[in-house]
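**Student:** The structure follows.
The values are calculated or read from the model by the stated rules, or taken from the named source; none is laboratory data. In this text, all values refer to a predicted model and were calculated from it rather than measured experimentally. Note that we place each Cβ from the backbone using ideal geometry, even for glycine, and neighbour counts take in every protein chain shown. Calculation scope for accessible area: heavy atoms of the full protein, side chains included, ligands and nucleic acids excluded. Shrake-Rupley method; radii C 1.70, N 1.55, O 1.52, S 1.80 Å.
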Amino acid sequence: MKNPQSIDSVTRRGFCELAALSIAASAFGQSSEKTKSASASANFPPIGDIHAHVCGIHFYGGDMSRQIIAEHYCSHLSDEVLQCVIYDSNKPGARLIGVEYIVSAKIFDSLPPEEKKLWHSHNYEVKSGVLTAPGMADAAEKDLMKVLIGTYGKTWHTWQVDRGDKLPMGIPQLMMAFTADGQAKANIMSERDKLYGPSAAKKAARSDIADAKLDPGADAWQKGAAVQLDLKTVAAATR
């Protein structure tokens, strides 16, 4: 994958204009459509850097029974680092539910053991056909998968839509990815296949992609000790 142009920072003026627009829309009860029209000519460089749409399935670290289809929209920070915003659908009005950072095997190898516990591998996701790049030509998608198969992801979901939350409640949840057959729920796989075609066909088409050598520090949940965040109260610093 080629590294696109570098990310330009949003100017302070642009940020203030966007904030003022949002406040004004709320204060005067404007519809979201009117707000969109007012900002149609705005330039948002970080959003413009997004160049790839990838769909996968995540489960909550420590609870594989909770599985969710995750629509990733990704941009390059470098040739070895991707960052993705995650939505609960590919439709207008989709909810922003999390983020994923993806790094090369070289970078992952350099991480300390405790950090590696927060990351998951992508080998099975690619080989099984669970991971897909919607709208991309088959040959191009396969080339992308050849790159992604050896990478590692660190994923946080901030909105637990699977339990019906109307707002992003609670603390972020660490998410993981499948590593073997039989882990994905049949109804979740069926839903994903209806969206983007049969995963079985993708699995067959990728059978000649060589498996990646997996770092044993990733996918820590497989060793019986899943990592998850906990909320605690601490003394507030006054200075």
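**Student:** Compute the signed sum of charges (Lys and Arg +1, Asp and Glu -1) over the other residues within less than 10 Å, Cβ to Cβ, of ALA94.
**Tutor:** Numbers: positive: LYS91, ARG95; negative: GLU71, ASP88.
Its environment carries a net charge of 0.
**Student:** Considering only protein heavy atoms, with the full assembly of protein chains and a 1.4 angstrom probe, order GLU115, GLU141 by accessible area, largest first.
**Tutor:** GLU115, GLU141
**Student:** Where the eigenvalues come from the Cα gyration tensor of region 77-162, what are the semi-axes √(5λ) of the equivalent ellipsoid, largest first, in whole Å?
**Tutor:** 22, 19, 11
**Student:** Would you please give the residues with an amide H less than 5 Å from that of GLY98, counting only those at least 5 places away or on a separate chain, with H modeled from the backbone geometry?
**Tutor:** Close amide H contacts, sequence-distant or interchain: ILE86, THR158.
**Student:** Next question, about the same structure. Bin width 10 Å, origin at 0, all Cα-Cα pairs of region 121-181: what percent of pairs per bin?
**Tutor:** Using 10 Å bins, I get a P(r) of 20, 36, 30, 13, 0 for region 121-181.
**Student:** Counting Lys +1, Arg +1, Asp -1, Glu -1, what net charge surrounds GLN67 among other residues with beta carbon under 9 Å of its beta carbon? Write out the running numbers ahead of the final one.
**Tutor:** Values: positive: ARG66, LYS185; negative: ASP162.
Value of the local net charge: +1.
**Student:** Which ³J(HN,Hα) values in Hz, rounded to whole numbers, follow from the phi angles of region 127-134 under the Karplus curve 6.51 cos²θ - 1.76 cosθ + 1.60, where θ = phi - 60° and Gly and Pro get x?
**Tutor:** Each residue of region 127-134 in turn: 5, 7, x, 5, 8, 9, 10, x Hz.
**Student:** Which is farthest toward the positive dipole end of region 120-239 among ILE209, ALA184, ALA140, measuring Cα position about the Cα centre, with Cβ charges +1 (Lys, Arg) and -1 (Asp, Glu)?
**Tutor:** Positive-end residue among those listed: ALA184.
**Student:** Now for a separate question. If I take the Cα coordinates of region 86-238 and project them onto the principal axes, what are the three extents in Å, biggest first?
**Tutor:** 58, 39, 27
**Student:** Using a 1.4 angstrom probe on the protein heavy atoms only, could you order MET169, MET176 from most to least accessible area?
**Tutor:** Final ranking, largest accessible area leading: MET169, MET176.
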